[in-house]
Amino acid sequence: MNCIIIDDEAASRAIISHFCSSFNNISVIEEFPNAIQAIKFLNQNEIDLIFLDIHMPDFNGIDFIQTLKNPPKIVLTTSDANFAIQAFEYDCIVDYLVKPIAPERFSKAITKANNLVSKSNLEDTSSSTENIETISGNDLYVNIDRRLIKIDIPSIYLVEAKGDYIQIKTENKNYTVHSTLKKIEDKLPIDLFLKVHRSFIINIKKIIDIEDNSVLIKKDVIPVSRSNRPELMKRLNLL
Amino acid sequence: MEQPNLSYINSMSGGDERFEEKLIMIIKDEFPIEKKDYYHNYKSNNFKLAAGNVHKLKHKISILGLEKSYEIAVAFENNLLKGNTNLSQEFESILINITNYLKKL
């Protein structure tokens, strides 16, 4: 699991990072003293797990969670147990650790996170099509309000993950479908579409321009993850 | 008064002495800054901000094994959030206690 640590206290970050170092399957990619810096990082990188301090000045952990469109799993860390009930209102919350964190308690949180991340990956790779039906030629059928709606695949320019839903944007209309980005990614032709970020799949033919870490498609500026940028550049007909 | 100790740090380090040294250095660096912020906000009657400083300091208090002092810090933080300064002297004694201990490390 790739993880990041967000905590305004260096001592807390050091302790969590030390705990993580005793697990072979956890890699701490970055540490952040505030949530704003972490948001910028998350726009460009895919992460499995966040250790998030709730009580931070200016922008607290709960504010941070609310800004994430498609949050990874999160383990909350805090010196204040009073936030626990509010915290579990969010599906992405795996566990809640009260400081000072005991190693045994940390270990339990990792086991929970591991199980949930594995389950989530399994769901993403399952062959179930749920609300995205079979392709017929250039068409994709999606199930919306018990009706199968036909979408012309080349007209799709963007697919965005929005919690348990995806939004499919086409030249003429936008569709919101209860499905995952992984499921539609499997249904779209790979020569035309590319996942450029954990929340976005784009139609390469519809790109208007590319900046360092983003692409412009229609009027949408879409972030490109650092890890996905080389594949994007490979797929372009560069002069 | 209870004395700060390294029992938590020793128990969570798994015997990693380099990590223990690193963590103590971080505490020695961070604690004076957090303490200064607390005194500044408290003296300026910014009790909500001071409560935030106490919140941060109470983690250091717990890392240094000060269980009773931690309870005082929790109560003082709650007081400050209500604009009440009760327990300020007790809390500031804890800060002095830790300051003296860190000087010896």
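The values are calculated or read from the model by the stated rules, or taken from the named source; none is laboratory data. Bear in mind the structure is a predicted one, so any value in this text is a computation, not a measurement. We place every Cβ from the backbone using ideal geometry, glycine too, and count neighbours over all the protein chains shown.
Taking the condition within 10 Å of chain A (Cβ to nearest Cβ), within 15 Å of B:Leu66 (Cα to Cα) and under 18 Å from the mean Cα position of the chain (by Cα), does B:Ile24 pass? Can you show your working first?
Details: within 10 Å of chain A (Cβ to nearest Cβ): yes; within 15 Å of B:Leu66 (Cα to Cα): no; under 18 Å from the mean Cα position of the chain (by Cα): yes.
Answer is no for this residue.
Can you pull out the helices (runs of 4 or more DSSP H) entirely within the range A:48-156 that have at least 3 residues that are modelled with pLDDT of 80 or more and more than 14 Å from chain B (Cβ to nearest Cβ)? Reasoning before the result, please.
Details: elements: A:61-67, A:84-87, A:103-125.
Correct list: A:61-67, A:103-125.
Filter the range A:6-28 for residues that are among the polar types (S, T, N, Q) and more than 10 Å from chain B (Cβ to nearest Cβ); which is surrounded by the fewest Cβ atoms within 10 Å (Cβ to Cβ)?
If we filter the range A:6-28 for residues that are among the polar types (S, T, N, Q), which is where we start, we get A:12, A:17, A:21-22, A:24-25, A:27.
Then drop every residue that is not more than 10 Å from chain B (Cβ to nearest Cβ), which leaves A:24-25, A:27.
Values: A:Asn24: 6, A:Asn25: 11, A:Ser27: 13.
Across the range A:6-28, the extreme among qualifying residues is A:Asn24.
Yes or no: the range A:185-200 includes at least one residue that is small (Gly, Ala, Ser), surrounded by fewer than 21 Cβ atoms within 10 Å (Cβ to Cβ) and part of a loop (DSSP other than H, G, I, E, B). Even if it seems obvious, please write down each step before you answer.
Kept after step one, since they are small (Gly, Ala, Ser), are these residues of the range A:185-200: A:199.
Restricting the remaining residues to those that are surrounded by fewer than 21 Cβ atoms within 10 Å (Cβ to Cβ) gives none.
No, the range A:185-200 contains no residue that is small (Gly, Ala, Ser), surrounded by fewer than 21 Cβ atoms within 10 Å (Cβ to Cβ) and part of a loop (DSSP other than H, G, I, E, B).
Name, by its number, the condition in (1) at pLDDT below 85; (2) out of contact with any Asp or Glu (no Cβ under 8 Å at 6 or more places or on another chain) that does not hold for A:Ser227.
For A:Ser227, the failing item is (2).
Residue by residue through the range A:172-182, note down the ones that are more than 22 Å from A:Val224 (Cβ to Cβ) and in contact (Cβ under 8 Å) with a residue 12 or more places away in the chain.
Applying the first criterion (more than 22 Å from A:Val224 (Cβ to Cβ)) to the range A:172-182 yields A:172-173, A:175-179.
Those that are more than 22 Å from A:Val224 (Cβ to Cβ) and in contact (Cβ under 8 Å) with a residue 12 or more places away in the chain: A:Asn172, A:Tyr175, A:Thr176, A:Val177, A:His178, A:Ser179.
All but one of (1) loosely packed, with under 15 Cβ neighbours inside 10 Å; (2) farther than 27 Å from B:Lys58 by Cβ; (3) without any contact (Cβ under 8 Å) to a residue 60 or more places away in the chain hold for A:Pro71; state the number of the condition that does not hold.
That leaves (1) as the condition not met.
When the range A:29-62 is examined, which residues are found to be of a type in the set (Asp, Glu) and buried (at least 17 other Cβ atoms within 10 Å of the Cβ)? Break it down into steps so the answer makes sense when it comes.
Step one: list which residues in the range A:29-62 are of a type in the set (Asp, Glu), which gives A:30-31, A:46, A:48, A:53, A:58.
Of everything in the range A:29-62, those that are of a type in the set (Asp, Glu) and buried (at least 17 other Cβ atoms within 10 Å of the Cβ) turn out to be A:Glu31, A:Asp48, A:Asp53.
Residue check: is B:Tyr38 more than 11 Å from chain A (Cβ to nearest Cβ), crowded, with 19+ Cβ neighbours inside 10 Å, more than 14 Å from the chain's Cα centre (by Cα) and in contact (Cβ under 8 Å) with a residue 24 or more places away in the chain? Reasoning before the result, please.
On the way: more than 11 Å from chain A (Cβ to nearest Cβ): yes; crowded, with 19+ Cβ neighbours inside 10 Å: yes; more than 14 Å from the chain's Cα centre (by Cα): no; in contact (Cβ under 8 Å) with a residue 24 or more places away in the chain: yes.
So B:Tyr38 fails the test.
Pairs under 7 Å by beta carbon, first residue within 7 Å of chain A (Cβ to nearest Cβ) and closer than 15 Å to B:Ile27 by Cα in the range B:49-63, partner among the basic types (Lys, Arg) and not in a helix (DSSP H, G or I), six or more apart or different chains?
Qualifying pairs under 7 Å: B:His59/A:Lys99; B:Ser62/A:Lys99.
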